[in-house]
Amino acid sequence: MLRDGDWHHFTGDSFSVLTRSMKTVRCDGQGSVWFGSWRGGLIERTSWGEWHVYTDTNGFLPNSYVSALDIDVFGNKWIASYFVGGDYGVTVLSSDNTRKELYDQSSLLVITDIAIDSTRERRKWFGSFDSGLHVLSDGGTPFDQSDDSWRSYQEPELPSDEIRAVSVDKDGDVWVSTTGGVARIRGDAVEEYYYGGSSGLPSSLVYQMVPDWEGGMWFEHEYGVTRRNPDETWTNYTSSDGLVSDRITYLYSGLAYCTDLGDLFIATADGLSILHTGLTPHSSIDSVDVYPNPFIPSAGHLRVTFKNVPDGLVVRVYAMSGELVREIDQVVNNFVYWDGKNQKGEDVASGVYLFAIGQEKRGVLAVVR
């Protein structure tokens, strides 16, 4: 983990739960970091430093081989797991980790990536290793499959049935990379295709994709990294531009974009590069919005949202006595989330609390349990 310019390492030597290889990493809105592990199941590191493991041995997953992971806006974890000759499927685990549901359709046999779009339905997009792209509309009830509907995309709608990555940009378009090219889906229709040589992409084989806040899309492929700019021009980055290596394969690749810093993290077969893009959003403290207020868990409220928080600020919640209840320094796309828990991970009691955003903004927040 890189924080304030310093690296913090988490290895199997220090943490026994990390003895297996990590396939994917996601952060939720409550400060926890989730690791999809190959043979180690789903691993959580909470904001207060505790580790928890969810796998087949404790009844959470069909097996311990996690191939893909994403987290929806309600904090539900969507986990794909697969093992040759064993049980498989996609498990959805609730935000409080108390409810789960297994989707074990044959189309979900080998899932390589998961993305959740920004439509009102919050559709789930599952890229498969060799059977195309499968889209779930769960009707807003992920733990009840009776009202689900499915849609599949395969050749010739897609360049190939072998999906390697799925991503959603700031406009809600879904991008699908395959072994034969990239497709962009708007709504339900495939709008455009991108192939190596005939577009700005140097290669049709794209391993990873990630959007940035400005509307650009980043692609990692066998020749380096390429950005499709919002004006539809293309910019390429290779070892001659400072990338640690051009040796990139499906197993040795990875992209992550930090909106707060405008940094792109690029994994290769020979190490990790950090590209300082200079693309950082701007927000004003005067535009911060806090909701729901009051926060009523029994009414279905999952968390308190602080919207339009400027980068680099810390949100603190205090009791009326002035005692610090919770400090949150994770600003994601100018959002900060509070789950109604204190620094120890315990639910706070009903009452009136004070919040402070940096040194500039103060307010009052009510909790009703």
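Just so it is clear, none of the values below were taken in a lab; they were calculated from the coordinates. Bear in mind the structure is a predicted one, so any value in this text is a computation, not a measurement. Please note: Cβ atoms are built from the backbone with ideal geometry, for glycine as well, and neighbour counts cover all protein chains shown.
Couple of notes before you dig in:
- In a reduced charge model with +1 at each Lys and Arg Cβ and -1 at each Asp and Glu Cβ, the stretch 43-153 shows a dipole moment near 160 debye about its Cα centre.
- Projected label distance in nm at Asp148 and Cys27, using a 7 Å step from Cα toward the beta-carbon: 3.0
- Rounded to the nearest 20, the size of the Cβ-charge dipole of the chain about its Cα centre is 860 debye, with Lys and Arg at +1 and Asp and Glu at -1.
- Total lysine pairs in the chain at Cα distances under 17 Å, for residues eight or more apart or on different chains: 7.
- A Förster radius of 41 Å, combined with the Cβ-Cβ distance separating Asp188 from Ser239, puts the computed FRET efficiency at roughly 0.55.
- Candidates Pro159, Asn236, Val33 compared by Cα position along the dipole of the stretch 2-276: farthest toward the positive end lies Val33, with charges placed on Cβ.
- Low-density loop positions, trypsin sites (Lys or Arg not before Pro), the stretch 55-155 - DSSP coil, at most 13 other Cβ in 10 Å: Arg99, Arg120
- Legend: calculated FRET efficiency, Val368 to Asp231, from the Cβ-Cβ distance at R0 = 56 Å, rounded to 0.05, equals 0.70.
- If you take the alpha carbon atoms of the chain and fit the smallest convex hull around them, that volume is 149 Å³ per residue.
- Within the shell of other residues whose beta carbon sits under 10 angstrom from the beta carbon of Ile248, the net charge comes to -3, with Lys and Arg scored +1 and Asp and Glu -1.
- Cα gyration tensor shape of the stretch 285-367, rounded if a/c is under 1.5, else prolate or oblate by comparing a/b with b/c: prolate
- Share antiparallel - DSSP beta bridges, the stretch 2-276, percent rounded to 5: 100
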